[in-house]
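Inspection log for the structure reproduced underneath, given as structure tokens.
The values are calculated or read from the model by the stated rules, or taken from the named source; none is laboratory data. These numbers were taken from a predicted model, which means no experiment stands behind them. A quick note on method: Cβ atoms are made from the backbone with ideal geometry, for glycine too, and the neighbour counts reach across all protein chains shown. These accessible areas exclude ligands, DNA and RNA; they are computed on the full protein's heavy atoms, side chains included. Shrake-Rupley method; radii C 1.70, N 1.55, O 1.52, S 1.80 Å.
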Amino acid sequence: METISQYLNMGGHGGFIWPAYIIVFVVMVALMIVSRRSLKNAQEELETLTRGADGRSPDRETTREAEQ
Amino acid sequence: MFHRFANPTRFLKLADVIQPWIAGATLVLLGAGLYFGLFASPPDYQQGETVRLMYIHVPSAWMAMFCYSALAGSCAVALIWKHPLADLAARATAPIGAAFTFLALVTGSLWGKPMWGTWWVWDARLTSMLVLLFLYLGYIALNNAFDDPQRGSKSSAILALVGFVNVPIIKFSVDWWNTLHQPASVVKMGGPSIHADILLPLLLMAAAFTTYYLWVLLIRIRTEVALGKIRARQMQKAQTGYKG
Amino acid sequence: MKRKHKRLTFVFIAMLLLGAASALMLSAFEENIVFFYSPTDVKEKKLTDGKRIRLGGLVEEGSVKKSDGAIVMFRITDLTTALAVSYKGILPDLFREGQGVIAEGKLQGGVFKADEVLAKHDETYMPPEIAEALKKSGQWKGKEK
């Protein structure tokens, strides 16, 4: 226990070192998540557009209209 | 030869193959870098444990400048040869570079307070780095400011090229003027003035940040390719008339 | 092909002009970009009393004297000229004799009255044991003894 808190203290500078590492981690992970999500959204949108145009499997909008 | 890789379809095939390798390399390098950086390396004789801030601060700053050079290079290729992929690469790089610049500024501030005694000073190095962040933000804003994406990428590419003068200014600011920031330790004449035990985690983290950049870059370029196709389809639909 | 070459030349010339313009501007504003003056600069330029400047250099060995009232007296040297500094306040962690320092304040009757002191460090990084060993073997190249 003693050694862990001593390690985290980083010679009295833990208050600067750890926040810096946390900020870097948060920003890098957030950028990765945002980039992946926008890729997924774009791919899904492209797929619905393509299917709608080909008429092979109708997208949600046309299905709803057919049901009415 | 250049044209072969500038083809988005061919690029997507290549990206599919290399992306898992890049992702794996990033995780391995990051793990090793953090292990050596936070556990298996000695403190510095002057700065003590705060030297560990270097392992994230310096790679962030390097990547900030590397991304800007890549951005300016892509913009030049897009302006001169009008390669479709160069424009997408520029647009995909800008947010990553802006993130690294932000991180370099924040971690530098957190390092400056305990070591220099101040969060921020307006010396040539720190100020030119802040200018770099504004250049990135300006590029992103200008790119999205036009309804016509082609005009947007043209004007923002010119801004990116004009802003490139800032990159050598950042690099050499510490040699040309008196600054609070110390001169270069690694990339300089006569070899690095960093002991191998401290240099190892620094280089590992720099490699990890580089592969992280490539990883996110691939994802973002794929997004840009998909968005381009969506735009093309929507235009096609609008022209043929949408029969719902 | 012709138009591509035209664009290439245009971008190249524009970058060249831009580089030249920024080089000119930076050299014109040199005075303002300089973050601090060395003691020799202060002496040569005869910077008048009362003007707020930053003074940078090394803390002269054996010059640091702490008196009561938290006032610290030391001398900043660039190894040719030294200037006496008085400062009241908390010194940064890295403030030591032989280390780089930047003081902000005014020159008053030959003494630089600082109200802010920042530590400047060099670009050398090494473990403490290595520094110790280098000093012992006499291979020490640093400014600090």
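In chain B, once you exclude exposed trypsin sites (Lys or Arg not before Pro) (DSSP loop, at most 15 other Cβ within 10 angstrom), what's the longest stretch remaining?
Free of exposed loop sites, the longest segment is B:83-187.
Nearest 500 deg cm²/dmol is fine: what mean residue ellipticity at 222 nm does the protein assembly as shown get from its DSSP H runs of n ≥ 4 alone, each adding -39,500 (n - 2.57), divided by its residue count?
My calculation for the protein assembly as shown gives -22000 deg cm²/dmol from helical runs alone.
Quick one: compute a quarter of the convex hull surface over the Cα atoms of region C:35-120 and quote it in nm².
Computing the convex hull of the Cα atoms and averaging its projections yields 5.1 nm².
Could you calculate the FRET efficiency of C:Ala133 with C:Phe12 from 1/(1 + (r/R0)^6), where r is the beta carbon distance between them and R0 is 56 Å, rounded to 0.05?
0.60
Which residues of region B:179-221 bury at least 40 Å² of accessible area once all protein chains are present, versus their chain alone (1.4 Å probe)?
So the qualifying set is B:Leu180, B:Gln182, B:Ser193, B:His195, B:Tyr212, B:Ile219, B:Arg220.
If you place +1 on the Cβ of every Lys and Arg, -1 on the Cβ of every Asp and Glu, and leave all else neutral, what size is the dipole of region C:80-145 about its Cα centre, to the nearest 20 Debye? Can you show the working numbers first?
On the way: 10 positive and 10 negative charges, 56 e Å.
In debye, rounded to 20, region C:80-145 gives about 260.
Contour minus end-to-end for B:Phe134 and B:Arg151, with contour as 0.36 nm per residue of separation and end-to-end as the Cα-Cα distance?
4.0 nm
Give the share of C-alpha pairs in each 20 angstrom bin for the protein assembly as shown, from 0 to the last occupied bin, in whole percents, shortest bins first.
20, 46, 25, 7, 1
From the phi of every residue in region B:152-167, what ³J(HN,Hα) in whole Hz does the Karplus formula 6.51 cos²θ - 1.76 cosθ + 1.60 yield, where θ is phi - 60° and glycine or proline is x?
Listing the rounded values in order: x, 6, 5, 5, 5, 5, 5, 4, 4, 5, 4, x, 5, 4, 5, 5 Hz.
Considering only B:Met65, B:Val216, B:Pro201, whose Cα is most displaced toward the positive end of the charge dipole of region B:22-237, charges sitting on Cβ of Lys, Arg (+1) and Asp, Glu (-1)?
B:Val216
Please check region B:94-109 for residues whose accessible area, probe 1.4 Å, is lower by 40 Å² or more when all protein chains are in place than in their chain alone.
Buried by the other chains: B:Leu103.
Picking from C:Val64, C:Gly109, C:Leu83, whose Cα lies most toward the positive end of the charge dipole for region C:58-117 (charges on Cβ: Lys, Arg +1; Asp, Glu -1)?
C:Gly109
Taking both sides together, what accessible area is buried at the C/B interface, probe 1.4 Å, expressed in Å² and rounded to the nearest 100?
The contact between B and C buries close to 3600 Å².
Under a point-charge model restricted to the Cβ atoms of Lys and Arg (+1) and Asp and Glu (-1), what is the dipole moment magnitude of the protein assembly as shown relative to its Cα centre, in debye to the nearest 20?
On the way: 50 positive and 38 negative charges, 367 e Å.
Rounded to the nearest 20 debye, it is 1760 debye.
Taking only protein heavy atoms and a 1.4 Å probe, what accessible area per residue, in Å², does the protein assembly as shown have with all protein chains in place?
53
Report, in whole Å, the centroid distance computed from the Cα atoms of region C:1-31 and region B:13-89.
Measuring centre to centre over Cα atoms gives 29 Å.
Mind putting a number on the dipole of region B:1-132 about its Cα centre? Charges go on the C-beta only, +1 for Lys and Arg and -1 for Asp and Glu, and I need it in Debye to the nearest 20. Kindly include the intermediate steps, with their values, before the conclusion.
Details: 8 positive and 5 negative charges, 87 e Å.
Once rounded to the nearest 20, the dipole reads 420 debye.
Starting from the amide H of A:His13, placed 1.01 Å from N in the peptide plane, find each other amide H under 5 Å away whose residue is 5 or more places distant or on another chain.
So A:His13 has HN proximity to no qualifying residue.
So for region B:7-142, averaging the separation of alpha carbon pairs under 8 Å that are six or more residues apart and normalising by length, what relative contact order in percent results?
RCO, region B:7-142: 22 percent.
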